[in-house]
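Below is one structure; the comments refer to it alone.
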Amino acid sequence: MISVEDFAQDAEKWFAEHTPRDPGFMLPLTFMEVGTDQQFEFLRNWQRQVYEAGFLGAAWPSEYGGGGLTDAHQSAATKVMRAHNVPIMMNTIGLSWAGPLILDIGSEAHKKKYIKGILSADDIWCQGFSEPENGSDLGNAQLSAVRDGDDYILNGSKIWTTHGHYGKYMILLARTNPDAPNKYAGLSFILTPMNVPGVRTQKIRKLTGEHGFTQTFFEDARVPADGLMGAEGMGWKIAMQTLEYERGARGGQAGGYSITEPDPLEILNLARESGQIDDPVVQDDLIDFIIEAQSLNLNGQRAKIGALVRDNPAGLPLMDKLAKTEFAREINQYALTLQGTRSAYYVDEPNAVDGGWWHRSYLNAFSATIGGGTSQIQRNIIGEHVLGLPKSY
Amino acid sequence: MSFDPQALGRLGLTEEQVELMDVAENFCRDQTSIAAVRDMIVDKSGLDRAAHKELGQMGWFGIAIPEAYGGVGLSLAEAVPVAEQIGRRLMMVPFIPATVAAQAILTGGTPSQKETYLPQIVEHGCASVALLEPDGSFDLTAIEASAILGADGYKLSGTKTLVENLDSAKILVLSAKIKGAVRLFVMDTRLIAETAMRPEILIDETKRAYTLTLDNITLPESALMDESKAAAALQRIDLAANLLASAEQLGAAQACIDYTVDYLKTRKQFGKLIGSYQALKHTIVDAYVGYEKARSLLYAAAHSFEEQGKGEIATRMAAVGAGRALSFAADRSIQFHGGFGFTYDCDAQLYRRRAIFHDSLFGNTRWHKKKLAALLFN
């Protein structure tokens, strides 16, 4: 097996040569922001190139299409990707949620069928957890799955389906037993094809004016029951397991990254370029952002040092999403105040600062403070699971 | 652009830090209690003599003093977990003044001053610093006190304030101007007349400090510290004090959050535990998140403390984080205890007062941010 060092060197060489620069249109910073076919095709091609070069899924088993190397190899390649600030890997639901789950608990047939297409981005995956009436209260999902022979018949609706209209498969949280003793026990986790009769997607227009999500409707949609993961009634547990892959709390992700984190340097550059870096009032604000950025960076380092987290081992991991997403929202919001009259402009306006990038980033930042459990839900989770406070509902 | 996250230090921990964390956590928890601290509030000297003696026996006053002077030979990074646990229990021992005085002597003392005073500090932790003055400035170089060399030595004049635990200190490091230049002296406190000391009424009743009138004090020439190192020693005092004060404040913040959470878990109103109300739950979570972020800044500051440039930036960031964390946690703790929070019997006031005291000694948030602006943007 190639050594990690050599592999990292190969990656360094490959990304130095192949990282695309300025495609001529604005690239999404997160997988949730893919809004146009142009962006989608660009990123899908990019992921395929990275996979074919061997730097995505390097640690996944080679018999299913992976690289057959180790997590250390993939981490080294991902690190190089970050250093080169390469475009994101867009098939995130497959790479970070469905893929690791299938490799963990899927059947041999599942692995043969799904893994390679996830890595090559030939098969786009999406996630069907949230429902229009059940957003934060995920456990109350009502989409019904009724067993009929070798199939399930699906009825209901899912919302915030990222890449919904490109999706070939969905990881679906469905209610197989409406009479279960509690709401969680009635849920099942099903790998569902999207291109079957009765499944329809409808694009949702985001607050930015762009598209990026769909609502997905199921009307007597018949899907094979062999997509069931685990057993009926285990849906909630498996959904929580996929969240752990996604957070990186378990190994198993394909690698790469799907969200670029805000770099506080960018806002310093904005302040400098707009001639405000010497304004003490601005400096006062910037220092707060620098301290915040630094503390988040250090939180990540401290989380790995057992002696420094022993009083509350779950504290740092559980606050990570809250702290980082709120910071991203704040810093993008603040950037608008550095633009004077030009903060009146938006994307595509020639007078806009950085092509309206900050405005779009600010509005898109809410996808992370709302999606995946709102900041308010995160505070409940921290309050209950770290501080031991009573439940709020 | 000067900001580079990599340049601001990484986080690391030494085995000795972990060891001291364990020992200090157990010792401070077993040695004192909030009830004992409250009993001692009325004590004039405000010194937990038993704990103080044990600290000396365990060598904690010498953690960051080289073995050549009887110390343990570690660094201030190892003093951080100790200060944190002392702060957590509001333990009434002058660990910070003694450690800071020793650092001043180490950095700016003459060889004979180091040999004379450092072993004493290791053994008794009996030292303090007299640097601040009545005008309220945090700037350690903007002082009025002066020293004029005469036939019997340096005749001092001026006034020092916030001299912590002066009544029990045997050694004092003080600043005064000689011909307009700020210089440091190290002196035997037996040269101070009882009448020159006035106990101050502090916002934090678990601390003790004095106003010291210098006018009738004459120091031998040998009390003058190395003049060429005065600036370096002042900088050392500033940063060491802020590093340890940040640790003390975060220990207190942890205790304050625990205390508040306990109340939210037991107090019922409208038939429900008040911790289930999100107005309280979310705010205490914000306090907790602030505490954890500040603790990351603290241990990064400890780790990079000795690095030129980086150490100062990391320490001032930690001071901003710690000051805000304790102030916010304690302020909300008073509020969340409702009517009880408004009483003297509620511990929330102890923590809030502690935060105000620390904000008053070696710089508050605004002061540190101003310094950071100069370091990062100029």
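Based on Cβ point charges of +1 for Lys and Arg and -1 for Asp and Glu, what charge dipole magnitude is obtained for segment A:4-122 about its Cα centre, in debye rounded to the nearest 20?
That gives a dipole near 200 debye.
Compute, for chain A, the length of the dipole vector about the Cα centre, with Cβ point charges of +1 (Lys, Arg) and -1 (Asp, Glu) only. Units Debye, rounded to 20. Walk me through the intermediate numbers first.
Numbers: 34 positive and 48 negative charges, 155 e Å.
In debye, rounded to 20, chain A gives about 740.
List the equivalent ellipsoid semi-axes of segment B:22-170 in whole Å, largest first, each obtained as the square root of 5λ for an eigenvalue λ of the Cα gyration tensor. Walk me through the numbers on the way to the answer.
Numbers: eigenvalues 161, 83, 36 Å².
Taking √(5λ) for each eigenvalue gives 28, 20, 13 Å, largest first.
I need to check one value: relative contact order of chain B, counting alpha carbon pairs closer than 8 Å and at least 6 residues apart, in percent.
Here the relative contact order equals 18 percent.
Quick check on the protein assembly as shown: helices-only [θ] at 222 nm, where DSSP H runs of length 4 and up contribute -39,500 (n - 2.57) each and the sum goes over total residues. Nearest 500, please.
Working: 23 runs with 353 residues, N = 771.
Dividing the helical sum by the residues of the protein assembly as shown leaves -15000 deg cm²/dmol.
Given a cut-off of under 8 Å on Cα pairs at least six residues apart, what relative contact order in percent is computed for segment B:130-227?
33
Just tell me how shielded B:311-320 is by partners: mean number of partner chain Cβ atoms within 10 Å of each residue's Cβ, no decimals.
Values: counts 0, 0, 3, 2, 0, 2, 7, 4, 0, 4.
Shielding by partners across B:311-320 averages 2.
Which one of A:Leu228, A:Gly212, A:Ala314 is farthest out on the positive end of the charge dipole of segment A:201-326, using unit charges on Cβ (Lys, Arg +1; Asp, Glu -1) and the Cα centre as origin?
The residue sitting farthest along the positive end of the dipole is A:Leu228.
Compute the Cα gyration tensor for segment A:101-153, then decide on rounded, prolate or oblate, letting a ≥ b ≥ c be the square roots of its eigenvalues: rounded whenever a/c is under 1.5, prolate when a/b is larger than b/c in the other cases, and oblate in all that remain.
Numbers: a/c = 2.38, a/b = 1.49, b/c = 1.60.
Here segment A:101-153 falls in the oblate category.
Taking the mean number of other Cβ atoms within 10 Å as a proxy for protection, how do you rank B:124-133, B:106-115, B:313-322 from highest to lowest? Write out the running numbers ahead of the final one.
Working: B:124-133: 25.0, B:106-115: 17.8, B:313-322: 29.6.
Top to bottom by mean Cβ count within 10 Å: B:313-322, B:124-133, B:106-115.
Connecting C-alpha atoms closer than 10 Å in a GNM of chain A, tell me which of A:Leu27, A:Leu265, A:Leu172 has the biggest fluctuation.
Of A:Leu27, A:Leu265, A:Leu172, the most mobile in the Gaussian network model is A:Leu265.
Starting from segment B:229-334, pick out the chymotrypsin sites (Phe, Trp or Tyr not before Pro) whose DSSP state is loop and whose Cβ has at most 15 other Cβ atoms within 10 Å.
Sparse-neighbourhood loop chymotrypsin sites (Phe, Trp or Tyr not before Pro): B:Phe270.
Within chain B, which DSSP H helices have Cα atoms that stretch 30 Å or more along the helix axis and a mean Kyte-Doolittle hydropathy of at least -0.5? Provide the component values of the computation, followed by the final result.
Numbers: long enough: B:230-266 (54 Å, 0.45); B:278-304 (38 Å, -0.03); B:310-336 (38 Å, 0.21).
Once both thresholds are applied, what remains is B:230-266, B:278-304, B:310-336.
Greater than 25 Å separation of Cα atoms is the criterion. Which listed pairs, B:Lys53/B:Lys114; B:Lys155/B:Lys370; A:Lys304/B:Lys207; A:Lys13/A:Lys168; A:Lys168/A:Lys203; A:Lys111/A:Lys237, meet it? Write out the running numbers ahead of the final one.
On the way: B:Lys53/B:Lys114 22 Å; B:Lys155/B:Lys370 35 Å; A:Lys304/B:Lys207 36 Å; A:Lys13/A:Lys168 33 Å; A:Lys168/A:Lys203 16 Å; A:Lys111/A:Lys237 21 Å.
Checking Cα-Cα distances, B:Lys155/B:Lys370; A:Lys304/B:Lys207; A:Lys13/A:Lys168 exceed 25 Å.
Let me confirm one metric for peptide B:279-292, namely the mean number of other chain beta-carbon atoms within 10 Å of its residues' beta-carbons. Don't skip to the end; give the middle numbers.
Values: counts 0, 2, 11, 8, 2, 5, 13, 3, 1, 8, 13, 2, 2, 13.
Counting Cβ atoms of other protein chains within 10 Å of each residue's Cβ and averaging gives 6.
Straight-line reach from B:Lys371: which lysines have a Cα under 24 Å away, not including same-chain ones fewer than 8 places off?
Once the sequence-local lysines are set aside, what remains near B:Lys371 is B:Lys160, B:Lys177, B:Lys229, B:Lys293, B:Lys310.
Pull out a ≥ b ≥ c, the square roots of the eigenvalues of the alpha-carbon gyration tensor of segment A:223-352, then state rounded if a/c is under 1.5, prolate if not and a/b is larger than b/c, and oblate in the remaining case. Working shown, then result.
On the way: a/c = 3.55, a/b = 1.71, b/c = 2.08.
Cα axes put segment A:223-352 in the oblate bin.
Please give the net charge around B:Leu214, taking every other residue with its beta carbon less than 14 angstrom from that of B:Leu214, where Lys and Arg add +1 and Asp and Glu add -1. List each step's numbers first, then the result.
Details: positive: B:Lys155, B:Lys160, B:Lys177, B:Arg183, B:Arg198; negative: B:Glu133, B:Glu144, B:Asp215.
Residues close to B:Leu214 contribute a combined charge of +2.
Of all GluC sites (Glu not before Pro) in segment B:291-322, which ones are in loop regions per DSSP and have a Cβ with at most 15 other Cβ atoms within 10 Å? Present the calculation step by step, with values, prior to reporting the outcome.
On the way: sites: B:Glu292, B:Glu306, B:Glu307, B:Glu312; in loops: B:Glu306, B:Glu307.
When the GluC sites (Glu not before Pro) of segment B:291-322 are filtered for loop state and at most 15 Cβ neighbours within 10 Å, B:Glu306, B:Glu307 remain.
Tell me, what is the percent relative contact order of segment B:251-336, built from C-alpha pairs under 8 Å that lie six or more residues apart?
Working: 81 pairs, mean separation 30.7, N = 86.
Worked out over segment B:251-336, it gives 36 percent.
Compare the peptides B:89-95, A:189-195 by average per-residue count of other Cβ atoms within 10 angstrom and give them in order, highest first.
Details: B:89-95: 25.7, A:189-195: 20.9.
The peptides rank, most packed first, as B:89-95, A:189-195.
First select every other residue whose beta carbon is under 15 angstrom from the beta carbon of A:Leu119; then total the charges, Lys and Arg +1, Asp and Glu -1. Before the final figure, lay out the partial values.
On the way: positive: A:Arg44, A:Arg48, A:Lys111, A:Lys112, A:Lys113, A:Lys116, A:Lys168; negative: A:Glu52, A:Glu63, A:Asp122, A:Asp123.
The answer is +3.
How large is the charge dipole for the protein assembly as shown, taken about the Cα centre, if only the Cβ atoms of Lys, Arg (+1) and Asp, Glu (-1) carry charge, to the nearest 20 debye? Mind showing how you got there, number by number?
On the way: 73 positive and 93 negative charges, 246 e Å.
It works out to roughly 1180 debye.
Give me the net charge for the shell around B:Ala230: Cβ to Cβ below 12 angstrom, other residues only, Lys and Arg +1, Asp and Glu -1. It would help to have the intermediate numbers written out before the result.
On the way: positive: B:Lys177, B:Arg183, B:Lys229, B:Arg236; negative: B:Asp226, B:Glu227.
Every neighbour counted, the sum reads +2.
Taking the 0 to 90 degree range and rounding to the nearest ten, how far is the long axis of helix A:37-53 tilted relative to the main principal axis of chain A, both from C-alpha atoms?
Taking Cα atoms only, the helix is inclined about 80 degrees.
Are there any chymotrypsin sites (Phe, Trp or Tyr not before Pro) in segment A:1-88 that are in a DSSP loop and have at most 10 other Cβ atoms within 10 Å? List them by number.
On the way: sites: A:Phe7, A:Trp14, A:Phe15, A:Phe25, A:Phe31, A:Phe40, A:Phe42, A:Trp46, A:Tyr51, A:Phe55, A:Tyr64; in loops: A:Phe25, A:Phe55.
Within segment A:1-88, the qualifying chymotrypsin sites (Phe, Trp or Tyr not before Pro) (loop, at most 10 other Cβ atoms within 10 Å) are A:Phe25.
Running a GNM on chain A with Cα contacts under 10 Å, which residue among A:Ala307, A:Ala77, A:Ala145 ends up with the highest mean-square fluctuation?
The residue with the greatest mean-square fluctuation here is A:Ala307.
For chain B, what does the alpha-carbon gyration tensor say about shape, rounded, prolate or oblate, given a ≥ b ≥ c as the root eigenvalues, a/c under 1.5 as rounded, and a/b over b/c as prolate? Intermediate results must be reported in sequence, preceding the final value.
Working: a/c = 1.76, a/b = 1.52, b/c = 1.15.
Taking the square roots of the gyration eigenvalues as a ≥ b ≥ c, chain B is prolate.
How shielded is A:280-293 by partner chains, expressed as the average number of their Cβ atoms within 10 Å of its Cβ atoms? Before the final figure, lay out each step's value.
On the way: counts 4, 0, 2, 8, 5, 1, 6, 13, 4, 1, 8, 14, 3, 3.
That average works out to 5.
Let me see the pair-distance distribution of segment B:231-377: every alpha carbon pair, 5 Å bin width, integer percents in order.
Result, from short to long distances: 2, 11, 19, 20, 16, 11, 9, 6, 4, 2, 1, 0, 0 percent.
Every number in this text was worked out from the coordinates using simple rules, so none of it is lab data. Every value quoted in this text rests on a predicted model; they were computed, and no experiment measured them. For neighbour counting, all protein chains shown are included, and Cβ atoms are generated from backbone atoms with ideal geometry for every residue, glycine included.
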